[in-house]
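What follows is a set of notes on a single structure, which appears directly below.
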Amino acid sequence: MSHAYFAGDHVAKARGLFQLLTEDGVPVDAAARAELDGIDRATARSIFDGMLRIRVTDARMMALQRQGRIGFYGEAVGQEAAIVGSAAASAPGDWIVPALREAGVGLYRGMSLDAYIAQIFGNREDSTKGRQMPCHPCDREHHYVVMSSCVSTQIPHAVGIAMGMKVLDDPRDRHVAFGFMGDGGTSEGDFHVSLNFAGVMKVPCVLVCQNNQWAISTPGSAQTAGETIAIKALGYGVEPLRVDGNDALAVFVAMSHAAAKARRGDGPTFVELLTYRVSAHSSSDDPSRYRDEAVTEVWRGKRDPIARLENYLGACGWIAAGEREARAAEIETSVRDAIARAEAAGPPDRETMIDDVYAEPTWLLREQLAELLASPASANPHVRH
Ligand SMILES: Cc1ncc(C[n+]2csc(CCOP(=O)(O)OP(=O)(O)O)c2C)c(N)n1
Ligand SMILES: [Mg+2]
């Protein structure tokens, strides 16, 4: 991480844009080439694979939603570089507090496809026992915290986890908390409170904004009058980084810089990853009602982050002809197999309904559960038997 961008002052970093590859996948300049030389074949290929996994999984899950087999889905099309570039900069003991579109971070860190899909079905294998909306996965083993649906609440959660690690100061637990948000999240009070606290207390966190330029139907221009989103960190004394979020390797380098700093005890970083929400907000949304989809097509096409990295891998001789298609087919098969297992699993038992609410269920909950179990199961049309 010797690139001149990181040596710039905070204002320059907040107003600039760190980039390594052009949209065609060519190093932007000699400094970028030098930085790219530090990224080995295995890392670049693994980032590519993680991105492809999200793309293929999202397409399959959206089809399932349209077929009425799942109730809801939120894709991350076009944002795969921001997601996987970030994931690749995290270490196993780090904590991930995601917002809406970071399931790929969990999958990259080792969350199984079965666990991810079970949560979407809310079946008996779902670790949240069918009580969360689809697309709220979690994975205790890989420190992937379940998302709170309330926009921006993830940021104080991440800062709190980081503060906890700092207070405990366990040499075996010097890890980083990554807190994600969207551009919409930066307009919430929680964002400002958290940045202030993180800056003052110098907690080991990286706060990451995937600026996909839309918050449902609210465009970036209506989100803030600020010149950039990264610039907001300046007021809190937090180092800002602003990165081309469709340039996976630039994201990886910038996030690694921020994570290493937090690990050293040098405090938080706020990273704006500039990208675009190519998909609808969710399966319940139709963006053609409120935005010019000709712009979307530019991001779907020539700004596609997967093609950009693929071109670079090709130029390095790190990917064979036809390899992407073969790998996509392999991933699709594994997703279809996991879906078949999820559909066969069936719903959670009614007995589990009050698990995990309190360490010990209250008498009131126990009484309500007993009443439910005593009633004929068929009285509840939502429970299959
Ligand atoms: C506190 C709160 N207000 C409103 C909503 C409804 N809502 C869900 S997602 C969303 C937009 C989020 O936009 P952004 O933060 O940019 O994330 P993106 O969807 O682009 O990933 C809104 C307004 C919510 N979930 N929570
Ligand atoms: Mg957004």
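Give the relative contact order (percent, whole number) for the chain; include only Cα pairs under 8 Å separated by 6+ residues. Working shown, then result.
Working: 699 pairs, mean separation 87.7, N = 385.
Computed value for the chain: 23 percent relative contact order.
Karplus-based coupling profile of segment 277-293, in residue order and whole Hz: 7, 5, 7, 5, 4, 7, 5, 9, 10, 10, x, 5, 6, 9, 9, 7, 6, with θ = phi - 60° in 6.51 cos²θ - 1.76 cosθ + 1.60 and x standing for Gly or Pro.
Can you give the net charge of the other residues whose Cβ lies under 11 Å from the Cβ of residue 218, counting K and R as +1 and D and E as -1?
Details: positive: 291; negative: 183.
That sum, taken over residues with Cβ under 11 Å, equals 0.
The three principal axes of the Cα atoms in the chain give end-to-end lengths of 72, 50, 44 Å, sorted in falling order.
If you average the sequence gap of Cα pairs under 8 Å that are 6 or more apart and divide by the length of segment 1-87, what percent do you get for the contact order?
Details: 50 pairs, mean separation 18.1, N = 87.
Taking the mean separation of contacting Cα pairs over the length of segment 1-87, I get 21 percent.
With a threshold of 30 Å on the Cα-Cα distance, the over-threshold entries among 232/261; 261/302; 13/302 are 261/302. Annotation: the antiparallel percentage among DSSP beta bridges lying fully within the chain is about 15.
Stretching the chain fully between residue 40 and residue 333 yields a gain of 102.6 nm (0.36 nm per residue, less the alpha carbon separation). Packing order of peptides 192-198, 258-264, highest average first: 192-198, 258-264 (average count of other Cβ atoms within 10 Å over each peptide's residues). In the chain, helical runs assigned H by DSSP with n ≥ 4 each contribute -39500 (n - 2.57); averaged across all residues and rounded to the nearest 500, the mean residue ellipticity at 222 nm is -13500 deg cm²/dmol. Remark on residue 18: its backbone amide H falls under 5 Å from those of 242, 243, 244, a criterion applied only to residues 5 or more positions apart or on other chains, H modelled at 1.01 Å from N.
As a rough guide to protection, the peptides 166-177, 267-278 ranked by mean Cβ packing within 10 Å, highest first, stand as 267-278, 166-177. Which angle between 0 and 90 degrees, to the nearest 10, do you get for helix 305-316 versus the longest principal axis of the chain when only C-alpha atoms count? Rounded to the nearest ten degrees, it is 50. Distance between the C-alpha centres of segment 244-281 and segment 1-57: 10 Å, rounded to the whole angstrom. Peptides 318-330, 299-311, 208-220 ordered by packing proxy, namely the average of other Cβ atoms within 10 Å per residue, highest first: 208-220, 299-311, 318-330.
The numbers here are math on the coordinates, done by the rules we state, and not lab data. Just so it is clear, the structure is predicted and the values come from calculations on it, not from any experiment. Every residue, glycine among them, receives a Cβ derived from its backbone with ideal geometry; neighbour counts consider all protein chains shown.
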